[in-house]
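Reviewing the structure listed below.
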Amino acid sequence: MSKVAQYLQEHLIGEVMTSPDAREYFSTDASIFRLVPQIIVYPRTENDVRKTVRFSWQMAERGRNIPVTARGSGTDQTGSALGSGIMLVFPAHMNKILTLDSNKAVVTVQPGLNYGKLQQTLLTHGQFLPPFPASQEYSTIGGAIANNAGGQKTIKYGVTKDYVRELRLVLANGEVIKTGRLSPREVNRKMGLATFEGEIYRSVVSLLDDNKELIKKTQPTLPKNTAGYDIWSISGKDGSIDLTSLIVGSQGTLGIVSEAIIETESHNPVTTLVVGFFDDLDQANQAVQKIRKLAPSSLELVDENLLNFIDEHNPNQIKSVVPKPFPRAIIFIEFDDVGRRLQSKKTKKCKKILNEYAKNLVVEQDIHRQEDFWKVRHSAAAVTWHANNGKKALPIVEDVIAPPEKLNELLEKTYLIFKQHNIDVAVWGHAGDANIHLQPFFDLTQVGDRQKIFKIMNDYYQMIVDMGGSTSGEHNDGRLRGPFLKMLYGEEV
């Protein structure tokens, strides 16, 4: 064990590891990258996190940089859960629900808590956390906060930052602060502190004041966006400041979350699912734009290419619910409004829209039949783990978002770019937000495929920027998309 690891083990309650096996295990996440850390730390307390970060700060002051990376379950697809220095792994110990107030619909959690376990606990109290990602059963709440995660319920309920009320945050020098909405008077008090926290508030307020017009001019108008730091939500109209919205989505680069206070929503398990089958993408887009106005709780999409892929590799997953020939696209619409009368009213309006644009439709209220249809939407997971003749599905351009009304244009341009590179691509995602996911197949041992990846990323992200969209709707930047932020926002921002 190195001297650095020995020093940390002497001062921390949690375990410190440097074995080759442990370091190799944490050298990958769900992205295309591999980066071996020097030291693995399993913090047991916030104090362990504080001491580790403080040590890194002190080493940097002496000219030796040892970066610190926070990690949950490693499901990140952008490489943000990887680091070359100290890896803080939270699920081992800092994985608890600290308080749960059902009356106020607020829960306090540690970052290593499994998202699915949190959701199960909330459901027993009639609550849920709506912006859950597709990976909720094996990802952490800390990772969701770091990425500002969204999912199939985002169209109605919003993203993670809409639910995080306060954070306890370990700063780069080991100082611990609490974030939340502060009045102008409270901000002035913070700015007067002779601490790192005071320096941060002075810097942030100065940055906002000096760039007011630029920030206003460049604010994204998309339903959701996780590209870059959210500099647009820090300042309130009343002059208040909240660093929470800046930290949510910052992927552990501005500080490390040790505790979060999160608001929840009432959960209604009684829903209505409407499924529309389309042979024309323009017709599908027109239907989606009208259905969005009905405020569905989900408005999801799978395309014909995904259906063909599943039919080839796992046909039992879809054969009982999607007859052949497959449509070009299937749209899944869910209503979860309290009361059958309102759901029924919205369903009738939805059916009227689909009768005008779709080839056919299905309305389902039985929970078991609904699960059969949702299984088709969630079958996209099969693409991510499939390998064929050395080629594997890779998350390189898998999270773009366009203005919602340009859904069909986004799909057609996606197919065109990959056709030009002679690559088949399956698409799924959130039709209501025009936020799509895709994972084309490549063999990274081949020089040609590696070169093709860079060309595709440049072409694809330039296309989405030209459309007025964003390089990331809900999965964030990480090591993968960080280099494209200048293309998206421009040099000044």
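The values are calculated or read from the model by the stated rules, or taken from the named source; none is laboratory data. Predicted, not measured: the structure shown is a model, and the values here were computed from it. In this analysis, Cβ positions are derived from the backbone assuming ideal geometry, glycine residues included, and neighbour counts consider all displayed protein chains. When the accessible area is computed, the model is the full protein with side chains, heavy atoms only, and any ligands, DNA or RNA have been set aside. Shrake-Rupley method; radii C 1.70, N 1.55, O 1.52, S 1.80 Å.
Selection of first residues in segment 142-153 that are closer than 17 Å to Gly74 by Cα and touching a residue at least 60 places away in the same chain (Cβ under 8 Å) and of second residues that are open to solvent by 20 Å² or more (accessible area, probe 1.4 Å) and among the β-branched types (Val, Ile, Thr), restricted to Cβ pairs under 8 Å at least 6 apart or on distinct chains, gives the following pairs, ordered by first then second residue: Gly142/Val257; Gly143/Thr75; Ile145/Val257; Ala146/Val257. Of the numbered criteria (1) exposed (fewer than 14 other Cβ atoms within 10 Å of the Cβ); (2) free of Cβ contacts under 8 Å to residues at least 40 places away in the same chain; (3) of a type in the set (Asp, Glu), the one Asp238 fails is (2). Among the residues of segment 174-199, those identified as under 16 Å from Trp57 (Cα atoms), open to solvent by less than 50 Å² (accessible area, probe 1.4 Å) and out of contact with any Ser or Thr (no Cβ under 9 Å at 6 or more places or on another chain) are Phe196, Glu197.
Tell me, please, whether a residue that is touching a residue at least 12 places away in the same chain (Cβ under 8 Å), open to solvent by 10 Å² or more (accessible area, probe 1.4 Å), farther than 20 Å from Leu169 by Cα and charged (D, E, K, R) can be found in segment 50-66. Taking every residue of segment 50-66 in turn, none turns out to be touching a residue at least 12 places away in the same chain (Cβ under 8 Å), open to solvent by 10 Å² or more (accessible area, probe 1.4 Å), farther than 20 Å from Leu169 by Cα and charged (D, E, K, R). Inside segment 19-49, can you point out the residues that are buried (at least 20 other Cβ atoms within 10 Å of the Cβ), touching a strand residue (DSSP E or B) at 6+ places or on another chain (Cβ under 6 Å) and touching a residue at least 60 places away in the same chain (Cβ under 8 Å)? Of everything in segment 19-49, those that are buried (at least 20 other Cβ atoms within 10 Å of the Cβ), touching a strand residue (DSSP E or B) at 6+ places or on another chain (Cβ under 6 Å) and touching a residue at least 60 places away in the same chain (Cβ under 8 Å) turn out to be Phe26, Val49. Open to solvent by 10 Å² or more (accessible area, probe 1.4 Å), touching a Ser or Thr at 6+ places or on another chain (Cβ under 7 Å) and part of a loop (DSSP other than H, G, I, E, B) - does that describe any residue in segment 364-374? Looking for residues that are open to solvent by 10 Å² or more (accessible area, probe 1.4 Å), touching a Ser or Thr at 6+ places or on another chain (Cβ under 7 Å) and part of a loop (DSSP other than H, G, I, E, B), one finds at least one in segment 364-374, hence yes.
One residue alone among Glu409, Glu398 is of a type outside the set (Val, Ile, Thr), open to solvent by 40 Å² or more (accessible area, probe 1.4 Å) and closer than 20 Å to Gly468 by Cα, and that residue is Glu409. Only one entry of Ser102, Ser80, Ser84 meets the criterion of being of a type outside the set (D, E, K, R), in contact with a helix residue (DSSP H, G or I) (Cβ under 7 Å, 6 or more places away or on another chain) and open to solvent by 20 Å² or more (accessible area, probe 1.4 Å), and that entry is Ser80. The set of residues in segment 336-353 that are within 30 Å of the chain's Cα centre (by Cα) and either without any contact (Cβ under 8 Å) to a residue 40 or more places away in the chain or within 15 Å of Ala287 (Cβ to Cβ) (or both) comprises Lys346, Thr347, Cys350. In summary, no strands (runs of 3 or more DSSP E) completely within segment 377-468 bear 2 or more residues that are among the aromatic types (Phe, Trp, Tyr).
Being touching an Asp or Glu at 6+ places or on another chain (Cβ under 6 Å) and open to solvent by 10 Å² or more (accessible area, probe 1.4 Å) is true for just one of Gln420, Gln439. Which residue is that?
Gln439
The number of residues in segment 466-484 that are surrounded by fewer than 18 Cβ atoms within 10 Å (Cβ to Cβ) and under 20 Å from Leu416 (Cβ atoms) comes to 3.
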